[in-house]
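Beneath this line is the structure, given in structure tokens, with notes to follow.
Throughout, read-outs are computed from the coordinates displayed, never taken from laboratory work. Quick caveat: nothing in here was measured; it's all calculated off a predicted structure. Neighbour counts run over all protein chains shown; Cβ positions are idealised from the backbone, glycine included.
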Amino acid sequence: MSLEMRVSRSYAVSFVVVGIALNVIAGSLATLTGIPGLYLDLSGTLLTALILGPWWAATTGLLTNIVNGIIWGPVGIPFGIVNMAFGLVTGYFAQKGWTRSWIKTAILFVIACFVVSGTASIIVTFLFGGATGAPQDIVVFALLSSTGWDILTSVFIADIATKPLDMFFEFLIAFSVLQALPGEFKQRTPFYKK
């Protein structure tokens, strides 16, 4: 029986709402800092992935971007695919026990950076022509003009260069919140120590 089957639908839906709220609040705070490449809109998705698994995390990710699209404008809505991919990957690896050791969690961290940067780069390149108005667009244009790389490669390199900073805080927030939750929440995590 999978982790997702062991929780009630009302519990799961309630936790998805918590995950969305965490994504929206942390993402809004990141926007206020103005630090290029810092988004913080995945921590609630990661927390949901750790507690409920990949499909509920993917739902959290998609709904986060829809809510953010309503609040901040529709440009962010297509990036729901990025948030969904992140939720699916982290939820799957968490269910398989990858968050039980620091080494495997570090490997998951690297995988997550590449998944997020890869999916985001495809969206930025093919939907927005390589620029969304984000500060890292300057890096994309610099790479295009100085290296001769194509747009997709330039967007990917510009994104992956800043992704570890963002992802570090995403993981830190999610794991910190998880550690602060009562035992009954931790029992439903793939890395609960019996």
The chain, relative contact order [Cα under 8 Å, separation at least 6], %: 24 percent
Ile70-Leu165 pseudo-label distance in nm [points 7 Å out on the Cα-to-Cβ vector]: 3.2 nm
In the stretch 37-114, the trypsin sites (Lys or Arg not before Pro) that fall in loop regions by DSSP, at most 15 other Cβ within 10 Å: Lys96, Arg100
Environment charge at Tyr39 (Cβ cut-off 12 Å; Lys +1, Arg +1, Asp -1, Glu -1): -3
Range of Cα positions in the chain per principal axis (Å), largest first: 55, 37, 29
Förster-model FRET efficiency, 25 Å R0, Ile77 and Val17, C-beta, rounded to 0.05: 0.85
Difference of contour (0.36 nm per residue) and Cα-Cα distance, Trp149 to Phe109: 11.7 nm
Net charge, Leu108 excluded, C-beta distance under 13 Å - Lys, Arg +1, Asp, Glu -1: +2
Backbone N within the stretch 17-48 under 20 Å of label point (7 Å from Leu181 Cα along the Cβ vector): 17-27, 40-48
Part-to-part distance (alpha-carbon centres) for the stretch 1-75 and the stretch 133-184, which is given in Å: 17 Å
Theoretical ellipticity at 222 nm over the chain - DSSP helices of four or more residues, -39500 (n - 2.57) apiece, nearest 500: -24500 deg cm²/dmol
Under the Karplus curve 6.51 cos²θ - 1.76 cosθ + 1.60, θ = phi - 60°, whole-Hz ³J(HN,Hα) for the stretch 170-178, x wherever Gly or Pro sits: 4, 5, 4, 4, 4, 5, 5, 5, 4
